[in-house]
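Please read the structure below before turning to the comments.
The values are calculated or read from the model by the stated rules, or taken from the named source; none is laboratory data. This is a predicted model, so every value here is computed, not measured. FYI the Cβ positions are ideal-geometry reconstructions off the backbone, even for glycines, and counts take in every protein chain you see.
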Amino acid sequence: MTIDHIRCTRCQACVAACPERLIGAGPVTDPDLATYCLRCGHCLAACPAGAIAVEGVGEAPAGAGVSSAALLALLRARRSGRQYTNEPVAREHLRALLDAAATAPSAKNFRAVKVYVYTDAATITALRAATVACYRRLRGLLRLPGHRVLYRLLGVPAALHEKLDHDARFLTATDGDPLLHGARTLLAFTAPRGWAQGVGDAWLAAHSAVLYAETIPLATCYNGFVAQAAGMDGRVRRALGVPARETTVAVLTLGYPAARPHRALVREGLAAAWDLEG
Ligand SMILES: Cc1cc2nc3c(=O)[nH]c(=O)nc-3n(C[C@H](O)[C@H](O)[C@H](O)COP(=O)(O)O)c2cc1C
């Protein structure tokens, strides 16, 4: 991060904006700046004089904001889309999704999330086969007597026991594509293995892409089945081409919508506890 002291008006906005307190009154930068600066760009964004540059951070117009009503309407209208046209997703739309994903916050601005883009039919076919095979083997295990005890030991909530059996049965059905819904495009968001915060970073990046997709519009659907299988089975991870040092956090199927919902939904509120009153 550098300050152009000729342009700087000494307003001190950057001092207040730095989350790591690496800019002192003056403004003067801390000697440890190079080591500890997050490159979050808050100082750059706060500077009215345009006197600050941060390596790797570009500038865009501040924007007029979005009304609460427009944002809520978008959030309510977003649906998981499982019906796609046959048209491949245009590269410019994929790039736009990746740009949207890149706007997401990340812990310490670490930005270690990686996005894998799959458009090759043979790769998607191999991924489908590896994932279905994984659930076929799992289904075999689920049929063993005492599997509910195994679930309990694995911490699977009782409410999910029957559901898992249904899922494994449904995914291994031979008609249609219950796993990937016939999608010709997939995205996988990974985080470095062992970086706990990276899991959240990957979800935020994925959901930024999902929300942006509504504006194109592209239909998207998270695919927990593939993400979960990638965690259990090296064959699925290899079909995704994700190295062992990364965790596959979120997988999305996507495509141009072949059907659009006629209504937005209003869901029940989440359980909330106010001021420890239960
Ligand atoms: C973490 C996660 C994993 C999901 N995995 C799948 C999946 O494997 N297959 C699928 O068809 N939908 C999957 N979904 C979509 C959910 O079923 C969907 O979000 C939920 O039913 C609510 O519908 P909505 O997204 O349209 O609001 C997943 C959603 C999330 C958040």
Note to self: Of everything in the stretch 151-176, what is surrounded by fewer than 15 Cβ atoms within 10 Å (Cβ to Cβ) and within 30 Å of residue 88 (Cβ to Cβ)? Give them in sequence order.
What the structure shows: 170, 173, 174, 175, 176
Next item on the list: Within the stretch 17-39, identify whether any single residue is touching a helix residue (DSSP H, G or I) at 6+ places or on another chain (Cβ under 7 Å), assigned to a helix (DSSP H, G or I) and either surrounded by 12 or more Cβ atoms within 10 Å (Cβ to Cβ) or at pLDDT below 95 (or both), and answer yes or no.
Entry: yes
Next item on the list: Could you run through the stretch 198-213 and say how many residues are touching a strand residue (DSSP E or B) at 6+ places or on another chain (Cβ under 7 Å), farther than 21 Å from residue 91 by Cα and either away from the ligand (no atom under 14 Å from the Cβ) or not β-branched (Val, Ile, Thr) (or both)?
Entry: 4
Checklist line | Yes/no for residue 141 being assigned to a helix (DSSP H, G or I), of a type in the set (A, V, I, L, M, F, W, C), surrounded by 10 or more Cβ atoms within 10 Å (Cβ to Cβ) and touching a His at 6+ places or on another chain (Cβ under 7 Å) | finding: yes
Item checked: Options 151, 135: the member that is in contact (Cβ under 8 Å) with a residue 24 or more places away in the chain, within 25 Å of residue 247 (Cα to Cα) and part of a helix (DSSP H, G or I) -> 135
Notebook entry, point to check: For the stretch 69-87, which residues satisfy the criterion of being in contact with a Gly (Cβ under 8 Å, 6 or more places away or on another chain) and away from the ligand (no atom under 16 Å from the Cβ)?
Noted result: 85, 87
Notebook entry, point to check: Taking residue 66, is it away from the ligand (no atom under 16 Å from the Cβ), over 17 Å from residue 210 (Cα atoms) and in a loop (DSSP other than H, G, I, E, B)?
Noted result: yes
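Each row is one residue, and each column tells you yes or no for (1) of a type in the set (A, V, I, L, M); (2) away from the ligand (no atom under 16 Å from the Cβ); (3) within 23 Å of the chain's Cα centre (by Cα).
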{"position": "119", "(1), (2), (3)": "no, yes, yes"}
{"position": "128", "(1), (2), (3)": "no, no, yes"}
{"position": "143", "(1), (2), (3)": "no, yes, no"}
{"position": "147", "(1), (2), (3)": "no, yes, no"}
{"position": "154", "(1), (2), (3)": "yes, yes, no"}
{"position": "158", "(1), (2), (3)": "yes, yes, no"}
{"position": "165", "(1), (2), (3)": "no, no, no"}
{"position": "174", "(1), (2), (3)": "no, yes, no"}
{"position": "180", "(1), (2), (3)": "yes, no, yes"}
Note to self: Here is a list: 74, 94. Which entry is in the same structural domain as residue 183 (by TED's automatic domain parsing), surrounded by 13 or more Cβ atoms within 10 Å (Cβ to Cβ), touching a residue at least 60 places away in the same chain (Cβ under 8 Å) and assigned to a helix (DSSP H, G or I)?
What the structure shows: 94
Checklist line | Matching residues in the stretch 234-278 - criterion: being touching a helix residue (DSSP H, G or I) at 6+ places or on another chain (Cβ under 8 Å) and at pLDDT below 95 | finding: 261, 264, 265, 266
Next item on the list: Within the stretch 214-251, work out how many residues are polar (S, T, N, Q), within 13 Å of the ligand (Cβ to nearest atom) and either in contact (Cβ under 8 Å) with a residue 40 or more places away in the chain or not assigned by TED's automatic domain parsing to the domain that holds residue 178 (or both).
Entry: 3
